[in-house]
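To keep things clear, I will list the structure first and then write my remarks on it.
Derivation of every value follows stated rules applied to the coordinates shown; laboratory data play no part. For clarity, every value in this text was computed on a predicted model and none was experimentally measured. Heads up, the Cβs are rebuilt from the backbone with ideal geometry, glycines too, and the neighbour counts pull from every protein chain shown.
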């Protein structure tokens, strides 16, 4: 009776120990090769994805900046100046545009595009604020000039140099005893970065 089960077990197919070890070794080699290839390929893939994302963010930022610049409004800050509020330099630009967007009120807003540095390097930042025209300055022109001179810590000699006149004449202009001429207004406009007309109103 015991011969029949033994014969049945002997007839069953199976793997020998050597075959199992060889298959395990071959699988280990394949997995090691895949891990090596992945370790070399994954960093390059990540760098490529990061480069694509940076390019997409740059394109989006440039589109937004161009959209702001294309709809800039040529509006002065107040009635004393005819020069529109549009200032630009190497690192920033400031302009006025119509407010748009779901969270904005109807009207105008001041947009400032500026390059700032953070822990990841340089970044283009878009700042905005509602536009409120400054009230006109109805003071006599010599008082406006006196305020500007005091704000910038200038002396009578500095004012005389800016006007291209003697110190005594600069003192007379500052006290309101001498009128400001068109040439003086141009020189003051250049010195204080204002429209020359600002110094002729109320003169």
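The relative contact order of the chain, computed from alpha carbon pairs under 8 Å that lie at least 6 residues apart in sequence, is 13 percent. Comparing Cα centroids, the range 11-65 and the range 91-154 end up 52 angstrom apart. The long axis of helix 17-70 is offset from the longest Cα principal axis of the chain by roughly 20 degrees. Taking 0.36 nm per residue of separation and subtracting the Cα-Cα distance, full extension of the segment from residue 69 to residue 127 would add 19.5 nm.
Among the listed values (i) 24.6; (ii) 10.7; (iii) 13.9, the one matching mean projected area of the Cα convex hull in nm² as calculated from this structure is (i).
R0 = 25 Å: FRET efficiency of residue 115 with residue 46, Cβ-based, nearest 0.05?
E(calc), rounded to 0.05, equals 0.40.
Inter-label distance, residue 151 to residue 35: 7.0 nm, where each label sits 7 Å from its Cα along the C-beta direction. Considered as an equivalent ellipsoid built on the Cα gyration tensor, the range 141-199 has semi-axes of 14, 13, 11 Å, the largest given first.
Taking R0 as 41 Å, what FRET efficiency do you get between residue 172 and residue 98 from their Cβ-Cβ distance, rounded to the nearest 0.05? Intermediate values should be presented prior to the final figure.
Working: r = 46 Å, r/R0 = 1.13.
The value I calculate is 0.35.
The long axis of helix 182-192 is offset from the longest Cα principal axis of the chain by roughly 30 degrees.
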